[in-house]
Amino acid sequence: MPVEHLDPSASHEEIAAALARDACCVVDRVVPPGVMDRLQRELAPWLERTREGTDSFSGRHTQRTGGLIGRSQTARELVEHETVIGAVRKTLEHAKNFQLHLTQVIAIGAGESAQAIHRDQWAFDFFPFPKGYEVQCNTLWAMTDFTEENGATRVISGSHRFEDRLELSADDTEPAEMEKGSVLFYTGALYHGGGANRSSATRYGLNITYALAWLRQEENQYLSVPREVCRDLPESLLRLMGYQRGAYALGYVDDLRDPIEVVRPDLGETRPSLGELADVRRSTPRPVAGPGPGTPQGGR
Ligand SMILES: O=C(O)CCC(=O)C(=O)O
Ligand SMILES: [Fe+2]
């Protein structure tokens with residue numbers, strides 16, 4: 001089934017509804033192509049010197065450049081893009097909070113072969129999350145047009161309902177073709193993979209992913225983004241990067257301090273505390289969603 005395309009004006013609810021149904025969708029032309037050119041220019045010094053992968057999953061003709069919060073103002077803006085944050089919040093609303101999971105330009109070079117079809121949430125040690133309990137909401141921004149020929153991401157719409165740990169092939173997938181400036185949204189449970197690049201030019205995609213704040217981040221933001229840079233970032237972005245507590249108590253600093261206080265002492269509480277558990281319990285949605293709520297994935 002081809003991936004659904006939504007208008008640039010799609011609401012957060014419409015994007016989240018498409019994700020609940022198919023686990024993926026493309027929102028067309030979220031930003032003008034010039035924004036992608038600016039991102040490319042800002043990152044050029046790092047893109048040039050990034051080495052290709054050393055295994056077939058990373059891609060032996062693919063460069064992966066990260067640490068983007070510290071390296072590009074445009075990347076910072078896209079991480080907090082209103083359309084994305086609203087759709088991610090809606091998709092992950094069954095948990096108390098979410099955080100940035102990784103920032104990475106994926107440059108698939110000419111001649112690269114197709115990546116193995118996988119679920120991104122397998123990064124969590126293949127933990128069998130309950131079916132319908134989404135732990136990630138991901139974006140892949142097209143920095144160049146994505147075509148079947150140049151390695152557009154291969155997706156299987158609706159595959160969040162499949163069994164876990166399947167070995168699927170490119171024949172089971174469709175290419176998520178899209179214009180530069182468009183965004184492929186997909187959840188951690190979608191079966192997908194980078195496509196083979198049979199063109200003569202590099203396919204550039206900006207992968208920005210978000211995950212529940214009680215899970216470990218794939219890209220370590222605390223060590224990837226220099227402290228001097230952090231001091232000048234907006235509070236909302238710092239919290240998204242993980243300078244916040246995950247759920248009730250995860251990640252506090254020494255005497256129950258909010259981690260944001262370490263980088264922004266001006267935002268510290270005078271008498272730090274975690275808050276009343278009863279209040280937090282009341283304000284946290286019950287973690288059920290989608291088909292078969294509460295059913296362990298191993299039982300599917
Ligand atoms: O670059 C792409 O199209 C997708 C890559 C991917 O899925 C991954 O590296 O996890
Ligand atoms: Fe992936």
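The values are calculated or read from the model by the stated rules, or taken from the named source; none is laboratory data. The model shown is predicted, which means the values in this text are computed figures rather than measured ones. Positions of Cβ are backbone-derived with ideal geometry, glycine not excepted, and every protein chain shown enters the neighbour counts. Accessible surface is based on the protein model in full, side chains and every heavy atom, while ligands, DNA and RNA are left aside. Shrake-Rupley method; radii C 1.70, N 1.55, O 1.52, S 1.80 Å.
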- Could you give me the ³J(HN,Hα) list for segment 261-276, computed from phi with Karplus coefficients 6.51, -1.76, 1.60 and θ = phi - 60°, whole Hz, x at Gly and Pro? 5, 5, 8, 10, x, 5, 9, x, 7, 6, 10, x, 7, 8, x, 6
- Task: Report the calculated FRET efficiency for residue 11 and residue 236 (r = Cβ-Cβ distance, R0 = 30 Å), to the nearest 0.05.
- Result: 0.90
- Note on the structure: The answer for the chain, accessible area per residue at 1.4 Å probe in Å², is 47 Å²
- Which distance in nm do the two modelled labels at residue 42 and residue 228 give, with both placed 7 Å along the Cα-to-Cβ direction? 1.8 nm
- Message: Can you sort 46, 214, 141 by solvent-accessible area, 1.4 Å probe, largest first?
- Response: 214, 46, 141
- Query: Which value, in Å² rounded to 10, gives the accessible area of residue 90 with a 1.4 Å probe and all protein chains present?
  - Reply: 70 Å²
- What helix-only [θ] at 222 nm does the chain give? Using -39500 (n - 2.57) per DSSP H run of at least 4, over all residues, to the nearest 500, the answer is -6500 deg cm²/dmol
- When DSSP assigns beta bridges and you keep just the ones with both residues in the chain, what percent turn out antiparallel, to the nearest 5? 95 percent
- Item | Percent RCO, i.e. relative contact order, over the chain, from Cα pairs under 8 Å lying at least 6 residues apart | 25 percent
- Per GNM of the chain with C-alpha springs under 10 angstrom, the most fluctuating residue out of 282, 41, 119 is 282
- Inter-label distance, nm, simple model (7 Å from Cα along the C-beta direction), residue 170/residue 201: 2.0 nm
- Give, as ranges by residue number, the residues of segment 55-98 whose backbone N falls under 20 Å from the point 7 Å along Cα→Cβ of residue 4. 83-94
- Post the alpha-carbon centroid distance, segment 19-71 to segment 114-141, in whole angstrom. 18 Å
- Message: So, R0 is 22 Å and r is the distance between the beta-carbons of residue 80 and residue 161; what FRET efficiency does that work out to, to 0.05?
- Response: 0.10
- Under Karplus coefficients 6.51, -1.76 and 1.60, residue-wise ³J(HN,Hα) of segment 252-260 in Hz, glycine/proline x: 5, 10, 5, 7, 6, 7, 5, x, 4
- Task: Using a 1.4 angstrom probe on the protein heavy atoms only, line up 243, 252 by accessible area, largest first.
- Result: 252, 243
- Largest-first ranking of 200, 58 by accessible area, probe 1.4 Å, whole protein assembly kept, is 200, 58
- Task: Show which lysines lie in cross-link reach of residue 131 when reach means a straight Cα distance below 18 angstrom and same-chain residues fewer than eight apart are skipped.
- Result: 90
- Inter-part gap, Cα centre of segment 149-188 to Cα centre of segment 200-255, in whole angstrom, is 25 Å
- Note on the structure: Checking 196, 278, 152 against a Gaussian network model of the chain (alpha-carbon springs below 10 Å), the top fluctuating residue turns out to be 278
